[in-house]
Amino acid sequence: MSYYKRHVFFCTNQRDDGAECCQNFGAQKMRDYVKGKVKALNLPEHSVRINSAGCLDRCSEGPVLVVYPEGVWYTYIDEKDADEIISEHILHGRIVKRLLI
């Protein structure tokens with residue numbers, strides 16, 4: 001059994017050589033946004049954990065995040081997309097099909 005009900009990893013990798021990477025799309029800013037929104041929900045302990053990750057090796061599909069234990073991969077454009085992932089998947093376990101990769 002997982003320690004957290006949902007564990008979200010945001011790729012926040014920055015490539016030094018200028019190649020495609022999630023950080024070029026503001027990944028750290030979006031991760032911080034989602035972490036703040038989830039924290040504000042005052043969910044029970046061990047409900048959700050939001051983490052940064054190094055390269056998740058899906059740069060061409062970025063920016064990306066993955067939700068475990070389901071192993072569901074998403075891309076996102078803006079805070080509206082992130083809010084939908086929070087409200088649908090993180091809180092209710094419903095996959096946001098339009099953002100799947």
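The values are calculated or read from the model by the stated rules, or taken from the named source; none is laboratory data. Just so you know, these numbers come straight off a predicted model, no measurement behind them. Counting neighbours? That spans all protein chains shown, and the Cβs are built from the backbone with ideal geometry, glycine included. Please note that ligands, DNA and RNA were not included when accessible areas were found on the heavy atoms of the full protein model with its side chains. Shrake-Rupley method; radii C 1.70, N 1.55, O 1.52, S 1.80 Å.
On full extension of the chain, what length is gained from H46 through Y68, given 0.36 nm per residue of separation minus the C-alpha to C-alpha distance?
That pair, H46 and Y68, stretches by 6.6 nm at full extension.
What is the spin-label model distance, in nm, from K39 to K80 if the labels are put 7 Å beyond Cα along the C-beta direction?
The modelled label-to-label distance comes out at 2.7 nm.
How large a share of the accessible area of the chain, in percent, is made up of carbon and sulfur atoms when the probe is 1.4 Å and the other protein chains stay in place? Can you show the working numbers first?
Numbers: 2950 of 5930 Å².
C and S fraction of accessible area: 50 percent.
So what's Rg/Rh here for the chain, counting alpha carbon atoms and using the Kirkwood radius for Rh? Show your work: numbers first, answer last.
Working: Rg = 12.9 Å, Rh = 13.6 Å.
Rounded to two decimals, Rg over Rh is 0.95.
Direction-averaged shadow area of the convex hull around the Cα atoms of the range 20-76, nm²? Could you put the intermediate results ahead of the total?
Working: hull surface 16.3 nm².
For the range 20-76, the mean projected area of the Cα convex hull comes to 4.1 nm².
Between A19 and R58, with labels modelled 7 Å along Cα→Cβ, what's the label distance in nm to one decimal, could you check?
1.8
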